[in-house]
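Have a look at the structure below before the remarks.
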Amino acid sequence: AVGFVLLVVNATAFDIIAYGMTPLSMIAPFAGLTIVFSSLLAWTGLLTKREQLTPSGAAATVLVIGGITGVSVFGPRGDGSPSVLRLTADSVALVAAAFGLVAVWLILRRTRLAPPHSSWLMTIASSTTSACCGLVTQVALKQISGTVVTSVMAGSTRAWSDPLTWGSFVAIGLSSPLQLYLLNETLAGAKVSLAVPA
């Protein structure tokens, strides 16, 4: 329950500000810190059964930190002005493909072809489709936050006339609950050391 509340507060307060002023290509890699903190928490055994951090797991954690550092230092820079997305055929195709993959997986899970709940295949498929929902959520949140920041900075509501902004609300309404559901399925069926990096 605490994790859900923190996720909602973070998404509605801090993310709207950050997404409105920073390139998405720079914000997204910081999600990799989830892997670092989750692995360390699992290793301490404070919240879950203690899991050993193997040498390869420690090396992967260092690699993730190095990647995030590289993106921070060498990645794209925003000029501090709000950034609003533009609707293109590629972006529509990307969102449609993400939702399509999620739909296929949810349908497949209801058939006899579905892998066992605790199998690595279930973990990989659930985490991949959760990431698809996360992609849609981040892109939609970027659009909404850009609109909010633009309207506040310009003192105008004209930015709210963009249909992409209203479509983003619908996309978040669909993708966020699905992302949490699939994320729960991922974490429930596997060790943290497999589920979180996946």
**OP:** Hey, can you tell me all the residues within the range 160-175 that are within 20 Å of Phe99 (Cβ to Cβ) and surrounded by 15 or more Cβ atoms within 10 Å (Cβ to Cβ)?
**Re:** Leu164, Thr165, Gly167, Ser168, Ala171, Ile172, Leu174, Ser175
**OP:** Provide a single number: the residues in the range 101-125 that are open to solvent by 40 Å² or more (accessible area, probe 1.4 Å) and assigned to a loop (DSSP other than H, G, I, E, B).
**Re:** 7
Original post:
Residues in the range 110-127: is at least one hydroxyl-bearing (Ser, Thr, Tyr), closer than 21 Å to Pro23 by Cβ and out of contact with any Phe, Trp or Tyr (no Cβ under 8 Å at 6 or more places or on another chain)?
Top reply: no
**OP:** Note down all Cβ pairs under 6 Å where the first residue falls in the range 167-189 and is without any contact (Cβ under 8 Å) to a residue 12 or more places away in the chain, the second is in a helix (DSSP H, G or I), and they're at least six residues apart or on different chains.
**Re:** Leu187/Ala195
Original post:
Mind checking which residues of the range 157-195 are within 24 Å of Lys142 (Cβ to Cβ) and not in a helix (DSSP H, G or I)?
Top reply: Thr157, Asp162
Original post:
Could you say which residue among Thr186, Thr129 is of a type in the set (Ser, Thr, Tyr) and touching a Ser or Thr at 6+ places or on another chain (Cβ under 8 Å)?
Top reply: Thr186
Original post:
Any residue at all in the range 129-142 that is open to solvent by 40 Å² or more (accessible area, probe 1.4 Å), not in a helix (DSSP H, G or I) and not β-branched (Val, Ile, Thr)?
Top reply: no
Original post:
Taking Val192, is it among the β-branched types (Val, Ile, Thr) and at pLDDT below 80?
Top reply: yes
**OP:** Using the structure shown, decide if Thr157 is surrounded by fewer than 18 Cβ atoms within 10 Å (Cβ to Cβ) and farther than 18 Å from Thr129 by Cα.
**Re:** yes
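The values are calculated or read from the model by the stated rules, or taken from the named source; none is laboratory data. What you see is a predicted model, and the numbers here were worked out from it, not measured in a lab. For neighbour counting, all protein chains shown are included, and Cβ atoms are generated from backbone atoms with ideal geometry for every residue, glycine included. Note: accessible area is taken over every heavy atom of the protein model, side chains too, but ligands, DNA and RNA are not part of it. Shrake-Rupley method; radii C 1.70, N 1.55, O 1.52, S 1.80 Å.
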